[in-house]
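What follows draws every value from the coordinates through simple rules; no lab data is involved. Because the structure is a prediction, the values reported are computed rather than measured. Cβ coordinates were reconstructed from backbone atoms using ideal geometry, including for glycine residues, and neighbour counts include every protein chain displayed.
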Amino acid sequence: MRILITGAGGGGADPLVAEWRECHWDDMDGHTFVGVNSDPYILASSDIHPGYVVPDARKVTPMQYRHALANIAVEEDIDLIIPNTYGEVDAMSGADLIGTDNYPGPFPLYMPYVGDIRRCQDKWLFWRWLKSEGLGWTLPATFPVDALAALPKVVDNLTWGLDLPPEAPLWLRARRGAGAYAATQVVGASEALWWIKYHQRHKGMKPSDFIISEYLPGRDIIVSMLWRKGRLLWLRSFEKCGYFEGASRPSGTSSTGIVDKAFYDESHFELCRYIVSTLNPHAHGNWTLDWKQDAEGDWKLTECNIGRFIQGTLLFNRIPEQRDWLDAYLKAYSGWDFMDEPVWYDNTGWFTVRSVNRGLYLGKEEGLADLKRIAETN
């Protein structure tokens, strides 16, 4: 199979392919990879060859982006295209239904359905979708920001509804985007107003691009799932125990963890399966649910990253005697017959550490007991 993967040279595509190659070095199954990126410098650093420079999916129309990939798909005789960033998933959503003038036929994709992608990529539409399906009990209290003049009333409704004191923090963030984009804690309407005005001036955003929610101070977990036509095939989960560059961000958080710990809770996994199958009984492709705990320790569903691989999930591919995520994805696309029940390994005790200037470290918590410690003194 010849596979085109977007974002080559980035933190999503190259680790995905590198881990697959490491697991299959003695049997490549005939798979070869072609990489694309809009940045030639990043593409040059990629281990995925050959590589092609393409337009930035965020700066051209979806049809223009598809047209560029179509040229490569024909040239390289591509069997499968894997979009691997938020913008590329958006641009390619629905392309499995229709081709372009230079690619007569549907694109070879293994993605969720276009309607699911549209609703999940807008956090407010996703919140309303769950609410309409009777899943409101899984959600944090949330309001849209329709206009700056309405912001004080929105904040009042949120704090009164949750019986919060005036100094309680709230969570203000963009409806669309990844990586905690335009997200921060705010106290009161005045701080929220300042934050939105800043992004109006410097980022060209509108008040209606934001939602405001109850602040969730607890644990932060990711549950990634692979679906095929309504059947859950694969699941992996981890907890973010520290955020990459979190200390330098106003939000204090990031979608990328410094330290990630494997998370295992079968009842919670069953809840995730129930939620996705309720939203779409024919769910397909990659779905990732993001959860945080409120002050009482109850899990609240904050968003769904849909249609792409999540970096933190891939970091646990090196655990011995486990199939890696890309291998499961390719087998699912090829129609491989999975077991009746979904695969979710109990990886309790495993953790990963990553940073800019060193490679990934994968370890087990039992080794922490061997570390020497300096006794605390008053």
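At a glance:
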item: Check: region 142-213 dipole with +1 on Lys, Arg Cβ and -1 on Asp, Glu Cβ, in debye; result: 440 debye
item: Cα-based Rg of region 142-213 normalised by 2.2 N^0.38 Å, two decimals; result: 1.01
item: Whole-Å distance, taken between Cα centres, linking region 66-128 and region 347-372; result: 36 Å
item: Cα-based convex hull volume of the chain per residue, rounded to whole Å³; result: 171 Å³
item: Residue (of 207, 235, 348) at the positive-pole extreme of the chain, dipole from beta-carbon charges; result: 207
item: Above-threshold pairs, the threshold being 25 Å between Cα atoms, out of 131/331; 123/206; 153/197; result: 131/331
item: Rounded Å value of the spacing that divides the Cα centres of region 172-231 and region 266-321; result: 18 Å
item: Once the Cα gyration tensor of region 220-370 is diagonalised, semi-axes √(5λ) in Å; result: 26, 19, 15
item: Nearest-20 debye value, region 2-109 charge dipole, Cβ charges on Lys, Arg, Asp, Glu; result: 440 debye
